[in-house]
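Heads up: the structure comes next, in structure tokens.
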Amino acid sequence: MDFHALKVALVKNLTKDSVQITFDVPEELKSEFQFTSGQYITLDINGTRRDYSLCSNPLEDEWSIGVKAVKGGNISKYLTQDLKTGDVLNVSTPNGRFGIPSKPNEKRTLLAFAAGSGITPILSVIRYTLQTEEWVNIYLFYSNKNPEKVMFKEELKALQKLYPNNFHLHLFYSQHQLEDWLFEGRLDEHKFELILNQLVDINEVDEAMVCGPNEMIKVIANEIFKAGIPKKHIHFELFTPDYTPLDILPEEMDSPDDVQVTVELEGEVSELVWNREKNLIDAMLDAGIEAPYSCKGGICSSCMCKLEEGEVHLGDNFVLTDSDREEGLILACISRPKSASIKINFDDI
Ligand code: FES
């Protein structure tokens, strides 16, 4: 993950408390900034990092994010209230694994559940998929407090108009009365059941995406699974870790205090001592190595690397699949040393 100073090409108000920020990516950086729908970029603002999903379509040569002000969030306040066209921000190259594999020749049905700013990565996937898959059917269930809070409302309505047979948009409001009570209230277990009864046949669903507050993701992803969609076809993106790396550390950790570790990163091989009290990212940063990271909570995958020798304790995470684990992939930010000597490669993933 490399950071570059990018000029802000446009700040567009979406709602009273959210904006779309479009970056001017110069020609010489375009290949580095290539992305797939569902990926995010990280902003480094005076040393504080925040991840924001790209909402644009990778086919359209545009790099935009959607930012909503969060209570007490200085960064989101600055981005939504003070940022101007022409300002320069420190922006990472795109990262992340959220999204669904593209299948342009298949007739398939996708479900998308979003709440609040969780629409941003989902919008990117929807834009791309509608443009590339003629036979697709996408159902979007998008929840907000009221109609004034809906980010990208115009864009979603425009997509509905452009793809009336492929894109089925359903807006839900938790604090706004409607004639049809089906669309009143939050996306929860009860609402999910009603959606399956009245709006979509789960037997036709191939893949599902969920993005929003962690609690909503857990509830809806669980319901989708219980309804019969296999885990590997349920995709979600958590924005904030519910725990710290220490919380997920096994109590009775059987490992030496200090471990010798060899790390390969961007072609350079370094040796360092890794103390069991630290995760690998912090151990590397302490040793002066510019380790790649963003969330430091097992969510974003920026710190993914390969365990080539030795063993580590790996915390819970929402990123690695079974086949990733079989290949030896780990997340450095939630890893603690287990064996006496360890070899890690960040380049070969
Ligand atoms: S830094 Fe995000 S998963 Fe490790």
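The values are calculated or read from the model by the stated rules, or taken from the named source; none is laboratory data. Every value quoted in this text rests on a predicted model; they were computed, and no experiment measured them. As a convention, Cβ positions derive from the backbone with ideal geometry for all residues, glycine included, and neighbour counts pool all protein chains shown.
Brief remarks follow.
- Taking (1) assigned by TED's automatic domain parsing to the domain that holds residue 316; (2) within 16 Å of the ligand (Cβ to nearest atom); (3) modelled with pLDDT of 80 or more in turn, residue 270 satisfies each apart from (2).
- Filtering region 145-167 to residues that are closer than 11 Å to residue 126 by Cβ and touching a Phe, Trp or Tyr at 6+ places or on another chain (Cβ under 7 Å) leaves 159, 160.
- Only one entry in 319, 263 is among the aliphatic types (A, V, I, L, M), within 11 Å of the ligand (Cβ to nearest atom) and not in a helix (DSSP H, G or I), namely 319.
- Failed criterion for residue 29 (all others in (1) of a type outside the set (Lys, Arg); (2) outside the structural domain of residue 148 (by TED's automatic domain parsing); (3) under 22 Å from residue 237 (Cβ atoms) hold): (3)
- The number of residues in region 1-38 that are buried (at least 20 other Cβ atoms within 10 Å of the Cβ) and either modelled with pLDDT under 95 or at positive phi (or both) comes to 1.
- Subset of region 312-332 [small (Gly, Ala, Ser) and out of contact with any helix residue (DSSP H, G or I) (no Cβ under 6 Å at 6 or more places or on another chain)]: 323, 328
- When region 276-305 is filtered for residues that are surrounded by fewer than 16 Cβ atoms within 10 Å (Cβ to Cβ) and away from the ligand (no atom under 14 Å from the Cβ), the ones remaining, listed by number, are 277, 286, 287, 288.
- Residue that is nearest to the ligand (Cβ to nearest atom) [pool: residues in region 322-345 that are among the hydroxyl-bearing types (Ser, Thr, Tyr) and not in a helix (DSSP H, G or I)]: 335
- Condition check for residue 123: in a helix (DSSP H, G or I), of a type in the set (A, V, I, L, M) and in contact (Cβ under 8 Å) with a residue 40 or more places away in the chain: yes
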